[in-house]
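The values are calculated or read from the model by the stated rules, or taken from the named source; none is laboratory data. As the structure is a computational prediction, the values presented were derived from the model and not from experiment. FYI the Cβ positions are ideal-geometry reconstructions off the backbone, even for glycines, and counts take in every protein chain you see.
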There are 2 protein chains.
Amino acid sequence: MIGPDDVRAAARVLDGVAHRTPVIRSRTLGDGIVLKPENLQRGGAFKFRGAYNKISSLPHGARVVAFSSGNHAQAVALASSLLGAQATILMPEDAPESKLAATRGYGADVVLYDRYTGDRETIAARMAEELSAEIVPPYDDPLIAAGQGTAALELLEDAGVVDTLVVPVGGGGLIAGCAAIAKELGVRRVVGVEPEAGNDWQQSFAAGEIVAIDVPRTIADGLQTHAPGVVTWEVASRLVDEIVTVTDEQMVEAMRFAFERLKLVIEPSGAVGLAAVREGIVEGASIGIVISGGNVAADRFADLIGS
Amino acid sequence: MIGPDDVRAAARVLDGVAHRTPVIRSRTLGDGIVLKPENLQRGGAFKFRGAYNKISSLPHGARVVAFSSGNHAQAVALASSLLGAQATILMPEDAPESKLAATRGYGADVVLYDRYTGDRETIAARMAEELSAEIVPPYDDPLIAAGQGTAALELLEDAGVVDTLVVPVGGGGLIAGCAAIAKELGVRRVVGVEPEAGNDWQQSFAAGEIVAIDVPRTIADGLQTHAPGVVTWEVASRLVDEIVTVTDEQMVEAMRFAFERLKLVIEPSGAVGLAAVREGIVEGASIGIVISGGNVAADRFADLIGS
C-alpha cells in the first residue's frame, strides 16, 4: 500500500542526492510531449531513487543484499556507498564484465552464481540470513516503489500536469509509484508499456489478477519479469488505466530516434514509452514519458541499431 | 567588439526560445566538474543561440542566406522558421542526405554547390545580392558570438562560477561570447580546445596575430576552420588564457565515455573539451565544460566507436 504522501516523503529523502533530471522537449517529437530522461539519473537509471529511499530507512552501517544483473545492482551499490551501508550483490557469473566492474566500482561485494543451476532468490535469502542483512528487492516493496514515483513527481512539477503519463512496466515499482502521485496531481490517464513478447501485466489486467508467464525473450532486459509484484500490483491494478505493448523493433527505432534527434542514449527497456508514443499506440492531449534508463554498452548499441 | 552586456542582451532574446540546457554532473568524471550539454539544444548544437540572436535583429520577413554543411545550416533554418525569415542555405552537393533533409525539414530552401569547383563564400555573396538577403555568417559576427555566449552565462548562473571554463574552438564564435561573459562573472581562466591536426588558434596565440593553416584533416568536422575570425580573434585574443589541443583518438574516447557513462550523444567537435579534461590536459579547482553539439549519425558513431 503506497500513496502520494509516500512519494512526497521519498522526494524529501532524495532531495540533493538524486539528480533532478531535466524535462526534455522536441519539436520533432511533437508539441505537448515531454520526456523525463532517467537515463541521466545517477547510475544511469531511475533505480537509484528507490534503492536510496529504501536503504536510507535502515540503520547506518546496515548490511544489505540485492540480486540483479542490471540497473538495480548498480543502484543498490551506489546508494549503499553514499549511505554507509555494506552491500553484497548477487550477480550471474555470465553478467557483462562492464556491469560487474561498475558494481564493484561503487564499492559493493559481488557474489557470482550460476544462473542455470542456482535460484537467485533462494541464494539471496540464505546470504541475507548468514550476513544478518536486509534484502533490497528490485521492485516489490513500498519504499522502493515510492522512491521510483519521485520521477513522476518531478516531471509534473517541472512540466506541469499532463493528460497522459506513459511509464515502462517490468516488476511494476516505477509505475506503481508514478501512478500514486500522478493520479493525485490530476493526470487523467496512466499507461504502462511492456514488451509484446512478455505481456504479463496486460494479461493480468485482462484477468483481473496476477498472471505469471514464462520469462520472455526480448531485448528489453530490464523488463524480463514473468509476473507483476504483489505490492506493485495492488497499487497499479487500481490506478493504471491501460497496458500496451511494443515490439523489439519498435524499441530499436525509438532508440535510434533518441540517439539522432534527442542526443540521448536509451537502453531498450527505457525506450518502450517513447516507442509507444512514436508509433501512435498511445495518444493524448499532452503526454509525459518516463525514459527509465540508458545502460547499454556502445558495442551492443551499435549491434542493435546497425541492422 | 562584444562585451558581457551583449551576451546578457542575447539571453533576453533567447529566453523561452532556446532550451535552457541542464547542468550535468558525474561522480565518475570528478567532483567539481560540470558540463553544459548543448547537444541537447534545439537543432542539436549551440549554433541555434547565435543564429536566432542574429536573425531576430532583422526585419520580420527578411531573407537570409547562410553557407554550411553542418550545424549552422540547421540552426539558421530553424531560427528563420521561428522568426518568419526566408532562409536559403548553400550546402555542398555531397552533404549527407540526413543533413539536407533536416535543413529542408525546417522549411529552408537548400541550394547545392560543387565543393570542388565552387567557392561557397563567393556563391553566397552573389546569392545574397540577387535575393536582397542578409548573410548570416557562422561565427565572425558580434550578434552571433554574443548569442553563443549565453551558453556560458546559463552554466555559470545554474552551477555557480567555476575556476576554469573549457570551450571548443573552431571559428571562435562560441569561445568569444563565452569568454566575454565568463571573465566578467569571475571565471579565472578560459581555455580553448581545438584538434591537434588543426591548431590555427594555438599558432595564432603564439604569433600574437591571426595565422592561417591548411584546412585540417580531423574527425571534428565542426572545427575544420583554417584561421580565427576577425571579430572573434579581437575578443578571444584578449580574454582567452590558453589554447590546448586533443587528438582524434582522444575525442573518440571522450565520445565513448559520454555514451556509456553520461548517456549523452556527442559529436567529435563537441567532445574536445571533455577529452582535454579526461586526459588531464586541462586541470582546475572547478571546471565547466561546454559540450558544443551532438549531430552525428548513428552509423558514423558506430564506425568511430567500434575501432
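Among the candidates B:Ile305, B:Ile287, the residue that is among the β-branched types (Val, Ile, Thr), more than 16 Å from A:Leu262 (Cα to Cα) and modelled with pLDDT under 95 is uniquely B:Ile305. For the stretch A:261-284, taking the residues that are closer than 27 Å to B:Arg261 by Cα and part of a loop (DSSP other than H, G, I, E, B), the one that is farthest from the chain's Cα centre (by Cα) is identified as A:Lys263.
Scanning the stretch B:177-186 for residues that are farther than 19 Å from B:Val23 by Cβ and outside any helix (DSSP H, G or I) turns up nothing. Taken over the stretch B:135-176, the criterion of being small (Gly, Ala, Ser) and under 15 Å from B:Val187 (Cα atoms) is satisfied by B:Gly149, B:Ala151, B:Ala152, B:Ala159, B:Gly160, B:Ala176. Number of residues in the stretch A:113-146 that are surrounded by 14 or more Cβ atoms within 10 Å (Cβ to Cβ) and either outside any loop (DSSP other than H, G, I, E, B) or acidic (Asp, Glu) (or both): the value is 17.
Whenever a residue of the stretch B:153-172 is outside the structural domain of B:Leu223 (by TED's automatic domain parsing), it has no partner that is at pLDDT 95 or above lying with C-beta atoms less than 8 angstrom away and at least six residues away or across chains.
Find the residue count for the stretch B:191-205, including only residues that are touching a His at 6+ places or on another chain (Cβ under 9 Å) and in a strand (DSSP E or B). Outline the logic, then answer.
Taking the stretch B:191-205 as the starting set, the residues that turn out to be touching a His at 6+ places or on another chain (Cβ under 9 Å) are B:198, B:200.
Okay, now just the ones that are also in a strand (DSSP E or B), so none.
Going through the stretch B:191-205 one residue at a time, the tally reaches 0.
Please find, within the stretch B:55-69, the residue that is surrounded by the fewest Cβ atoms within 10 Å (Cβ to Cβ) out of those that are among the hydroxyl-bearing types (Ser, Thr, Tyr) and modelled with pLDDT of 95 or more. Filtering the stretch B:55-69 for residues that are among the hydroxyl-bearing types (Ser, Thr, Tyr) and modelled with pLDDT of 95 or more, the one surrounded by the fewest Cβ atoms within 10 Å (Cβ to Cβ) comes out as B:Ser57.
Looking at A:Glu194, A:Glu260, A:Glu249, A:Glu253, just one residue is closer than 30 Å to B:Val296 by Cα, touching a Phe, Trp or Tyr at 6+ places or on another chain (Cβ under 6 Å) and in the same structural domain as A:Val296 (by TED's automatic domain parsing), and that residue is A:Glu194. On the stretch given as the stretch A:184-203, residues that are on the phi < 0 side of the Ramachandran plot, more than 19 Å from the chain's Cα centre (by Cα) and not acidic (Asp, Glu) total 5.
Scanning the stretch B:28-49 turns up no residue that is hydroxyl-bearing (Ser, Thr, Tyr), surrounded by 21 or more Cβ atoms within 10 Å (Cβ to Cβ), within 14 Å of chain A (Cβ to nearest Cβ) and not in a strand (DSSP E or B). Taken together, the residues in the stretch B:220-271 that are charged (D, E, K, R) and farther than 16 Å from B:Leu29 by Cβ amount to 8.
Against the definition (free of Cβ contacts under 8 Å to residues at least 24 places away in the same chain, outside the structural domain of B:Ala95 (by TED's automatic domain parsing) and part of a helix (DSSP H, G or I)), how does B:Glu234 come out, yes or no?
no
Here A:Arg63, A:Arg12, A:Arg27 are screened, and the one residue that is among the charged types (D, E, K, R) and under 24 Å from A:Thr164 (Cα atoms) is A:Arg27.
When the stretch B:95-141 is limited to residues that are free of Cβ contacts under 8 Å to residues at least 24 places away in the same chain and polar (S, T, N, Q), the one that is nearest to B:Lys54 (Cα to Cα) turns out to be B:Thr122. The set of residues from the stretch A:259-302 being over 22 Å from A:His19 (Cβ atoms), free of Cβ contacts under 8 Å to residues at least 12 places away in the same chain, at the interface with another protein chain (Cβ under 9 Å from one of its Cβ atoms) and not hydrophobic (A, V, I, L, M, F, W, C) comprises A:Glu260, A:Asp299.
Within the stretch B:70-94, the set of residues being small (Gly, Ala, Ser) and crowded, with 20+ Cβ neighbours inside 10 Å comprises B:Gly70, B:Ala73, B:Ala75, B:Ala77, B:Ala79, B:Ser80, B:Ala85, B:Ala87.
Against the test of being farther than 24 Å from A:Gly222 by Cα and at pLDDT 95 or above, the options A:Ala77, A:Ala85, A:Ala51 yield a single qualifying residue, A:Ala85.
So which residues in the stretch B:15-44 are charged (D, E, K, R) and farther than 19 Å from B:Thr150 by Cα? Result: B:Arg25, B:Arg27, B:Asp31.
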